[in-house]
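Here is the structure we will look at.
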Amino acid sequence: MILNETAWFGRGAVGALTDEVKRRGYQKALIVTDKTLVQCGVVAKVTDKMDAAGLAWAIYDGVVPNPTITVVKEGLGVFQ
C-alpha cells in the first residue's frame, strides 16, 4: 500500500490525474470520498478520466469526520 504523498487540487487538477498515475506505475486507484460528492457527480469526473485511460479504480464513499480505524479498514477492504 502506498499512502498519499501528493495532493492535487484546483482547476484542471483532474486532467493531470491519469498521467501521474501512469508515471508512478500504479495499476489501480482508490478514490476516497463521501456520498455527497458521488451523488453530485464530482467523483464521476475522476472515474471517467480513469476509464478513458484504461486504469482500474475503486470508490470508498464512507468517509466521515475523524474516521475510526473501522472506517479505514472498510476503505482498505473496498480496494482489495
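Of note:
- Kirkwood analysis of the Cα pair distances in the chain returns a hydrodynamic radius of 13.5 Å.
- Counting lysine pairs in the chain that sit 8 or more residues apart in sequence, or on different chains, and whose Cα atoms lie under 17 Å apart gives 4.
- Extreme residue, positive dipole direction of the chain, given options Ala53, Gly10, Val32 (C-beta unit charges): Ala53
- Once the Cα atoms are used to define both axes, helix 42-52 deviates from the longest principal axis of the chain by about 50 degrees.
- Sparse-neighbour loop sites [trypsin sites (Lys or Arg not before Pro); the stretch 1-57; at most 11 other C-beta within 10 Å; DSSP]: Arg11, Arg24
Since every read-out is calculated from the coordinates, none of them should be taken as a lab result. The model shown is predicted, which means the values in this text are computed figures rather than measured ones. Every residue, glycine as well, gets a Cβ built from its backbone with ideal geometry; the counts of neighbours run over all protein chains shown.
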